[in-house]
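Every number here is computed from the coordinates shown, using simple stated rules; none is lab data. This one's a predicted model, so the numbers in the text were calculated from it and none came from an experiment. Because the Cβ atoms are built from the backbone with ideal geometry, glycine has one as well, and the counts that use them run over all protein chains shown.
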């Protein structure tokens with residue numbers, strides 16, 4: 001059971017973590033470009 | 001487009017209406033299918049031979065399919081870039097490779113966990129495992145190559161050819177069990193009817209959830225790539241202005 005839980009934590013956690021990183025990166029880039037454009 | 005124009009920047013830094021709709025729809029679809037998959041996996045029958053650990057199959061194999069899709073996408077958009085020369089195709093190829101590598105990483109992490117629980121060891125230099133590692137390294141090298149030399153047309157052309165050539169590892173990887181001719185430790189490829197009763201639905205939902213997640217991550221990654229290209233263009237324009245006659249220089 002421990003191996004099963006570990007695999008699902010790694011798999012699902014990895015995908016969710018990657019999604020959160022992408023969303024944060026996208027928002028940071030948009031903010032940076034938007035700030036530069038309004039200056 | 002000039003970075004000095006705020007109105008144009010608002011358009012460029014926000015996703016287009018079509019992209020925004022695609023992001024919302026793909027995100028909602030991935031969430032719904034993933035919830036159905038989780039429920040189906042929870043209720044799936046326990047395998048008589050392996051026990052409950054066999055349920056890793058519903059995550060491990062769909063991740064492998066999504067990784068294949070990512071690498072096939074890299075080759076496809078690379079070929080489109082070579083054909084039409086559009087920067088967008090190059091960005092989509094890079095996005096496909098990025099998401100493909102993430103899924104391949106999960107294959108290489110969940111596989112050894114399953115292996116430890118069933119074979120008693122994390123890794124074996126079995127042909128399928130070795131070729132999966134090779135496939136991962138081929139596309140990891142693609143990403144590293146791009147990150148070190150981002151922006152040039154020459155890099156994009158080389159990356160496109162490399163991405164297409166890397167595709168050759170996929171059929172080798174898929175048919176590795178047959179090529180090993182009975183010496184493979186990895187289980188055989190799934191075929192129609194090879195899963196036990198009640199295991200088809202969670203597996204199908206697992207594949208659907210992985211593909212829906214792939215599409216959503218791919219769209220997010222493509223949008224990040226578009227914004228990075230925009231920033232690189234802005235930086236290049238600023239540098240050109242600074243070093244243009246009459247502009248700012250190192251002395252000022």
Determine, from the Cβ-Cβ distance of residue B:50 and residue B:157 and an R0 of 41 Å, the FRET efficiency 1/(1 + (r/R0)^6), rounded to the nearest 0.05.
0.30
Note down the nm distance, to one decimal, between modelled labels 7 Å out along Cα→Cβ at residue B:201 and at residue B:137.
4.3
Sum -39500 (n - 2.57) across every DSSP H segment of at least 4 residues in chain B, then divide by the residue count to get the 222 nm mean residue ellipticity, nearest 500.
-25500 deg cm²/dmol
Computed over chain B: longest principal axis from alpha-carbon atoms vs helix B:87-118 long axis, angle to nearest 10 degrees, is 30
Alpha carbon centroid spacing (whole Å) that separates the stretch A:1-28 from the stretch B:187-225:
16
Can you classify the stretch B:23-71 as rounded, prolate or oblate using the Cα gyration tensor, where a ≥ b ≥ c are the square roots of its eigenvalues, rounded means a/c under 1.5, and otherwise it's prolate if a/b beats b/c and oblate if not?
oblate
Just to confirm the number: angle between the C-alpha axis of helix B:153-166 and the first principal axis of chain B, 0 to 90 degrees, nearest 10?
10
Could you line up B:188, A:32 from fewest to most neighbouring Cβ atoms inside 10 Å?
B:188, A:32
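Restricting to Cα atoms and excluding each atom paired with itself, what does the Kirkwood estimate give for the stretch B:22-226 in Å? Spell out each step's value before the answer.
Working: mean 1/r = 0.0557 Å⁻¹.
Value: 18.0 Å, from the Cα pair sum.
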Separation in nanometres of the label points that stand 7 Å from Cα toward Cβ, at residue B:65 and residue B:239:
4.4
With an 8 Å cut-off on Cα pairs and a minimum separation of 6 or more residues, tell me the relative contact order of chain B in percent.
30
Once both label points are put 7 Å beyond Cα along the C-beta direction, the residue B:109-residue B:19 separation in nm becomes 2.7
Roughly how crowded by other chains is peptide B:58-64, in terms of the mean Cβ count from those chains within 10 Å of each of its Cβ atoms?
2
Would you mind ranking B:142, A:18 so that the residue whose beta carbon has the fewest other beta carbons within 10 Å leads the list?
A:18, B:142
Using the alpha-carbon atoms, what tilt in degrees (0 to 90, nearest 10) does helix B:17-43 show relative to the longest principal axis of chain B?
20
Could you work out, residue by residue across B:101-112, how many beta carbons of other chains sit within 10 Å of that residue's beta carbon, and then give the average as an integer?
3
Among B:102, B:215, B:161, which one shows the highest mean-square fluctuation when chain B is modelled as a Gaussian network with alpha-carbon springs under 10 Å?
B:161
For the protein assembly as shown, state the average projected area of the convex hull of the C-alpha atoms over all orientations, rounded to one decimal in nm².
18.4
